[in-house]
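Colleague: This is the structure, below, for whatever I ask next.
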Amino acid sequence: MEMLDGTIVTTAAPKIGAALHAPATEIGLVVTAYLLTLAVLIPLSGWLTRRLGNRMVFLTAIALFTGASIGCAASGSLGELVAMRVLQGAGGAMMVPVGRMMILSKAAKEDILRLTAYVVWPGLLAPVIAPLAGGLITTYASWHWIFLINVPLGAVAFALAWRLVDDGREGDAVVPPLDWAGMLLTGIGLGGLAWAAHLISLPAPPALETALIFAGSVALLALAVWHLRRAAHPLLNLRTLGSPTFRVTQLGGTGYMLVVGSMPFLLPLLFQTGFGWSPVKSGAVTAFVFAGNVGIKPATTPLINRYGFRSVLVVSALGTAVLVAALGFTSAATPVALISLLALASGVTRSTGFTVYTTVGLADMPPELMRDANTLAATSMQLAAGLAIAVSTMALRVGGAVTGGAAGPGVSGQGAFTVAFCLLAVIAVGCAAEALRMDRRAGDAARRPRPGARAAASPPPAARPAP
């Protein structure tokens with residue numbers, strides 16, 4: 001629910017704007033308000049679970065998200081809808097990181113890979129099926145069902161959580177005080193970046209305002225890093241970056257998420273504005289990415305067990321780079337079967353790479369730092385997801401400047417799309433280069449290699465206090 005609602009609204013934006021008598025350019029606030037709230041509140045999730053327990057936070061998050069979904073559907077104005085989306089974001093910020101933490105924080109190292117294979121599915125599935133689901137709903141039903149579809153899902157999730165989720169708190173554990181300074185610096189900085197990303201995605205972004213907000217947000221985040229490294233009980237524990245594996249995966253994983261998060265936005269835009277396809281046809285071909293995600297899943301764990309995390313990650317990142325670039329060179333004359341095959345293959349590399357990034361850093365993390373590492377990883381992943389559309393928009397504008405064309409809603413600029421896809425491919429190549437810095441034995445604690453395959457060696461470096 002949380003990840004689907006981050007992108008599905010984009011497809012329905014024209015109909016929502018017409019129904020609420022709001023300009024199409026302002027409907028972007030519906031997406032931005034949601035992503036901004038997620039970015040601000042996700043860092044708080046770790047402290048809240050320590051204070052209130054997993055059960056209370058998780059059940060409240062599901063109830064809040066589901067209730068806010070009903071409020072979104074009942075909204076009669078843009079202001080009401082944006083307010084409900086903020087409430088949705090507040091619920092979503094507690095659902096995903098808390099759910100991941102409940103599953104992984106107490107798991108044995110050898111079980112983390114198998115568990116992560118299930119955990120990453122929503123993150124891979126939602127952005128890909130969102131264009132198709134949004135196209136079908138807006139074509140054959142009203143836009144209200146984009147939000148009402150969450151009601152039965154939320155009811156089932158609440159019932160299951162009520163039965164299965166326990167408190168999760170250690171009885172004698174002392175809950176540290178809330179890091180108010182860290183919360184304000186991190187929250188305002190991340191929120192500012194999300195707002196700057198929204199401004200960049202506008203057809204005519206205000207250059208000065210965008211630059212000032214971006215610079216101010218970066219400055220606040222720099223202050224936040226300075227504070228978090230010195231605070232006794234920081235909101236985000238940067239000492240987790242003392243683990244070389246976790247540090248590499250956070251940097252490379254952020255870049256990789258920018259690439260894979262851009263594709264569900266760029267592909268439908270290319271198909272609809274460049275090729276002239278309908279939203280349903282565009283969504284159906286984009287869904288082949290999901291088919292690749294599903295098709296490779298049974299083989300993902302055996303591949304990692306056989307070849308190791310680093311090898312699979314390098315091949316996945318390079319494969320993503322080649323396939324993204326290839327998709328950029330397709331045109332309306334390219335056979336649909338070939339485009340679908342490229343999308344399918346990109347789903348394969350997307351799935352294997354994403355699984356490694358979400359697993360290997362935690363596999364080498366000491367148990368006492370698992371909760372903190374999970375919160376930091378969720379924050380960086382959400383930040384990258386929120387910035388992906390802005391990165392896509394900037395890549396298209398660079399492509400338009402290079403080719404002398406334009407690309408965007410209602411405009412077909414094939415050369416601009418080609419340049420944009422190639423720029424994203426370059427980022428994926430950078431992720432592969434970053435993965436090569438990873439220790440060959442990284443994540444071995446979570447692998448189950450063939451008997452005799454693992455050489456006798458010392459374990460990979462664990463987390464150590466950051467300097």
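Colleague: Does THR139 fit the bill of being in contact (Cβ under 8 Å) with a residue 40 or more places away in the chain, over 25 Å from PRO234 (Cα atoms) and not aromatic (Phe, Trp, Tyr)?
Modeller: Numbers: in contact (Cβ under 8 Å) with a residue 40 or more places away in the chain: yes; over 25 Å from PRO234 (Cα atoms): yes; not aromatic (Phe, Trp, Tyr): yes.
Against the criterion (in contact (Cβ under 8 Å) with a residue 40 or more places away in the chain, over 25 Å from PRO234 (Cα atoms) and not aromatic (Phe, Trp, Tyr)), THR139 qualifies.
Colleague: To continue, here is another question. Looking for whichever is part of a helix (DSSP H, G or I), at pLDDT 90 or above and open to solvent by less than 50 Å² (accessible area, probe 1.4 Å) here; the options are ILE70, ILE62. Which one fits? Can you show your working first?
Modeller: Numbers: ILE70 fails: open to solvent by less than 50 Å² (accessible area, probe 1.4 Å).
Matching residue, one of ILE70, ILE62: ILE62.
Colleague: Which one of these is touching a Pro at 6+ places or on another chain (Cβ under 6 Å) and closer than 16 Å to LEU29 by Cα: LEU236, LEU193, LEU228, LEU199?
Modeller: LEU199
Colleague: For region 138-148, how many residues meet the condition of being modelled with pLDDT of 80 or more and surrounded by fewer than 21 Cβ atoms within 10 Å (Cβ to Cβ)?
Modeller: The first filter runs over region 138-148 and keeps only residues modelled with pLDDT of 80 or more, leaving 140-148.
Add one more test, that the residue is surrounded by fewer than 21 Cβ atoms within 10 Å (Cβ to Cβ), and what stays is 140-142, 144-145, 148.
Qualifying residue count, region 138-148: 6.
Colleague: Next question. Scan region 189-221 residue by residue and report those that are of a type outside the set (A, V, I, L, M) and part of a loop (DSSP other than H, G, I, E, B).
Modeller: Taking region 189-221 as the starting set, the residues that turn out to be of a type outside the set (A, V, I, L, M) are 189, 191-192, 195, 198, 201, 203, 205-206, 209-210, 214, 216-217.
Correct list: PRO203, PRO205, PRO206.
Colleague: Taking the conditions exactly as written (touching a helix residue (DSSP H, G or I) at 6+ places or on another chain (Cβ under 9 Å), under 26 Å from THR138 (Cα atoms), of a type in the set (Gly, Ala, Ser) and open to solvent by 10 Å² or more (accessible area, probe 1.4 Å)), does ALA287 satisfy them or not? Lay out the reasoning, then the answer.
Modeller: Details: touching a helix residue (DSSP H, G or I) at 6+ places or on another chain (Cβ under 9 Å): yes; under 26 Å from THR138 (Cα atoms): yes; of a type in the set (Gly, Ala, Ser): yes; open to solvent by 10 Å² or more (accessible area, probe 1.4 Å): yes.
So ALA287 fits the description; yes.
Colleague: For TRP180, all conditions in the list (1) without any contact (Cβ under 8 Å) to a residue 40 or more places away in the chain; (2) within 30 Å of ILE27 (Cβ to Cβ) hold save one; what is the number of the exception?
Modeller: Against the list (1) without any contact (Cβ under 8 Å) to a residue 40 or more places away in the chain; (2) within 30 Å of ILE27 (Cβ to Cβ), TRP180 comes up short only on (2).
Colleague: Got a sec? Which of LEU208, LEU221 is touching a helix residue (DSSP H, G or I) at 6+ places or on another chain (Cβ under 9 Å) and not basic (Lys, Arg)?
Modeller: On the way: LEU208 fails: touching a helix residue (DSSP H, G or I) at 6+ places or on another chain (Cβ under 9 Å).
Going through LEU208, LEU221 in turn, just one is touching a helix residue (DSSP H, G or I) at 6+ places or on another chain (Cβ under 9 Å) and not basic (Lys, Arg): LEU221.
Colleague: Let me ask another. Kindly provide the set of residues from region 316-353 that are in contact (Cβ under 8 Å) with a residue 60 or more places away in the chain, farther than 15 Å from LEU424 by Cβ and open to solvent by 20 Å² or more (accessible area, probe 1.4 Å), ordered by number.
Modeller: SER331
Colleague: Identify the residue in region 254-267 that is touching a Gly at 6+ places or on another chain (Cβ under 8 Å) and buried (at least 24 other Cβ atoms within 10 Å of the Cβ) and, among all such residues, is nearest to PHE421 (Cα to Cα). Show your work before the answer.
Modeller: Narrowing region 254-267 to residues touching a Gly at 6+ places or on another chain (Cβ under 8 Å): 255-256, 260.
Imposing the further condition that a residue be buried (at least 24 other Cβ atoms within 10 Å of the Cβ) reduces the set to 256, 260.
Numbers: TYR256: 14, VAL260: 11 Å.
Here the answer is VAL260.
Colleague: Of all residues in region 36-53, which are open to solvent by less than 10 Å² (accessible area, probe 1.4 Å) and in contact with a Lys or Arg (Cβ under 9 Å, 6 or more places away or on another chain)?
Modeller: Across region 36-53, the qualifying residues are GLY46, THR49, GLY53.
Colleague: Is it the case, given these coordinates, that GLY46 is closer than 25 Å to ALA197 by Cβ and out of contact with any helix residue (DSSP H, G or I) (no Cβ under 7 Å at 6 or more places or on another chain)?
Modeller: no
Colleague: Continuing with the same structure: Give me the pairs, please: first residue somewhere in region 270-286 and free of Cβ contacts under 8 Å to residues at least 12 places away in the same chain, second residue anywhere and of a type outside the set (Lys, Arg) and open to solvent by less than 30 Å² (accessible area, probe 1.4 Å), beta-carbon distance under 6 Å, and either six or more positions apart or on two chains.
Modeller: Pairs found: GLN272/SER282; TRP277/PHE271.
Colleague: Moving to a separate point now. Could you go through region 149-160 and let me know if any residue there is open to solvent by less than 60 Å² (accessible area, probe 1.4 Å), within 24 Å of the chain's Cα centre (by Cα), within 30 Å of ALA395 (Cα to Cα) and not hydrophobic (A, V, I, L, M, F, W, C).
Modeller: no
Colleague: If TRP226 meets every condition in (1) touching a helix residue (DSSP H, G or I) at 6+ places or on another chain (Cβ under 8 Å); (2) part of a helix (DSSP H, G or I) apart from one, which number is that one?
Modeller: If we test TRP226 against (1) touching a helix residue (DSSP H, G or I) at 6+ places or on another chain (Cβ under 8 Å); (2) part of a helix (DSSP H, G or I), just (1) comes out false.
Colleague: Could you look through region 195-232, keep only residues that are open to solvent by less than 20 Å² (accessible area, probe 1.4 Å) and of a type outside the set (Ser, Thr, Tyr), and pick out the one that is farthest from TYR34 (Cα to Cα)?
Modeller: Step one: of region 195-232, the residues open to solvent by less than 20 Å² (accessible area, probe 1.4 Å) are 196-199, 210, 217, 224, 228, 231.
Next cut, of a type outside the set (Ser, Thr, Tyr) only: 196-199, 224, 228, 231.
Details: ALA196: 14, ALA197: 13, HIS198: 11, LEU199: 15, ALA224: 23, LEU228: 26, ALA231: 29 Å.
Step by step, filter region 195-232, then rank; the result is ALA231.
Colleague: Okay, next question. Confirm whether LEU87 is more than 30 Å from MET370 (Cβ to Cβ) and part of a helix (DSSP H, G or I). Even if it seems obvious, please write down each step before you answer.
Modeller: Working: more than 30 Å from MET370 (Cβ to Cβ): no; part of a helix (DSSP H, G or I): yes.
No: the conditions fail for LEU87.
The values are calculated or read from the model by the stated rules, or taken from the named source; none is laboratory data. Computed from a predicted structure; not experimentally measured. Cβ sites come from the backbone with ideal geometry, for glycine too, and all protein chains shown count toward neighbours. The area values use the complete protein model at the heavy-atom level, side chains included, leaving out ligands, DNA and RNA. Shrake-Rupley method; radii C 1.70, N 1.55, O 1.52, S 1.80 Å.
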